[in-house]
Amino acid sequence: MDTALYETFSRDQWRARREATPLTLSASDLDELRGLNERLDLEEVESVYLPLTRFVNLHVAARRSRQTAMAEFLGRPKEAVPYIIGVAGSVAVGKSTTSRVLQALLSRWPDHPRVDLVTTDGFLYPNAELERRGLLTRKGFPESYDVRRLLQFLHDVKSGADEVRAPTYSHLSYDVQPSDHDVVVRQPDIVIVEGLNVLQVGSGTTTFVSDYFDTSIYVDAELEDVRRWYLERFQALRATVFRDPDSYFARYAELSEDQAVATALDIWRDINEANLIANIEPTRDRAGVVLHKGPDHRVTKVRLRRI
């Protein structure tokens with residue numbers, strides 16, 4: 001990481017940036033937001049996420065001031081343009097939980113109560129198309145996404161369209177869901193876009209997904225920690241979701257302990273770690289905020305981009 005680009009805060013230093021931001025979540029709220037095998041408690045929310053939401057709130061206010069100035073200069077009515085946050089990071093690092101907590105907290109601010117969350121998993125090509133292209137074992141790599149469709153979605157959202165639809169993904173069937181499961185975005189105040197690929201470039205177009213972001217967050221951790229979290233999550237899924245006969249991964253539920261660990265390690269090494277090293281981690285320096293986690297999933301330091 002280029003440390004000259006960032007100011008680094010210890011956990012305590014970052015917590016102090018909260019100032020008077022109120023805690024609006026309860027312990028029971030966290031039960032619905034927490035991911036598998038992740039440690040998330042109210043102390044983590046107070047230390048990490050409340051300062052982060054204050055940072056976003058100040059940015060939203062500044063963005064609205066710029067929009068007002070531009071409208072005055074052009075002699076036009078001010079248009080409501082959603083503020084878009086990108087959240088990136090590896091598989092199993094906890095970016096989905098980060099996104100859900102942000103959505104819950106930001107929606108409790110009176111300045112921007114309408115906050116939508118969209119994951120880029122829905123913009124993967126369907127399995128049938130991936131198979132046709134020989135990419136089924138490359139799911140999650142840049143070439144497995146319909147980037148043009150994602151860009152069109154972001155363009156429509158930023159253009160203030162009354163209603164924009166985003167496809168969704170089922171981790172049970174391991175495939176994109178039919179259109180009747182779409183997320184419908186109706187001119188929210190904030191949209192959080194979470195996914196592996198959101199800070200990547202080189203989509204074959206002159207426009208990048210991140211061009212539409214007002215700020216971006218990268219959830220970071222040491223490689224060996226993310227690998228361990230992935231293995232723990234795989235074992236937890238094997239004891240729960242994989243036991244559903246409709247699960248794409250039902251065959252893994254009956255593996256022995258040793259077979260399950262070996263299978264998970266193979267998947268991690270050949271797909272997730274390879275994608276992290278080649279395509280995801282290199283985008284970290286493009287993020288506005290980097291949340292670095294320690295071995296217990298707790299954020300130990302925060303880096304804030306200066307320029």
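The values are calculated or read from the model by the stated rules, or taken from the named source; none is laboratory data. These numbers were taken from a predicted model, which means no experiment stands behind them. When we count neighbours, we look across all protein chains shown, and the Cβ atoms used for this are built from the backbone with ideal geometry, even at glycine.
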- Which of the residues that make up region 178-201 are under 30 Å from I277 (Cβ atoms), of a type outside the set (D, E, K, R) and touching a strand residue (DSSP E or B) at 6+ places or on another chain (Cβ under 8 Å)? V191, I192, V193, G195, L196, N197, V198, L199
- Task: Please find, within region 73-84, the residue that is farthest from S210 (Cα to Cα) out of those that are at pLDDT 95 or above and surrounded by fewer than 14 Cβ atoms within 10 Å (Cβ to Cβ).
- Result: G75
- Message: Tell me whether region 111-118 contains one or more residues that are without any contact (Cβ under 8 Å) to a residue 12 or more places away in the chain, surrounded by fewer than 18 Cβ atoms within 10 Å (Cβ to Cβ) and out of contact with any helix residue (DSSP H, G or I) (no Cβ under 6 Å at 6 or more places or on another chain).
- Response: no
- Which numbered condition T215 misses (of (1) hydroxyl-bearing (S, T, Y); (2) modelled with pLDDT of 95 or more; (3) more than 30 Å from L52 (Cα to Cα)): (3)
- Task: Check region 120-127 and report whether any residue there is on the phi > 0 side of the Ramachandran plot and buried (at least 18 other Cβ atoms within 10 Å of the Cβ).
- Result: no
- Query: Residues in region 97-108: is at least one of a type in the set (G, A, S) and farther than 19 Å from Y218 by Cα?
  - Reply: yes
- Message: Is it the case, given these coordinates, that R148 is in contact with a helix residue (DSSP H, G or I) (Cβ under 8 Å, 6 or more places away or on another chain) and charged (D, E, K, R)?
- Response: no
- Is region 245-264 home to any residue that is under 19 Å from E194 (Cα atoms), part of a helix (DSSP H, G or I), at pLDDT 95 or above and not β-branched (V, I, T)? no
- Message: Show me the strands (runs of 3 or more DSSP E) found entirely inside region 1-120 where at least 3 residues are in contact with a strand residue (DSSP E or B) (Cβ under 8 Å, 6 or more places away or on another chain) and farther than 29 Å from H155 by Cβ.
- Response: 6-10
- Within region 258-275, is there a residue that is more than 23 Å from the chain's Cα centre (by Cα) and of a type in the set (K, R)? no
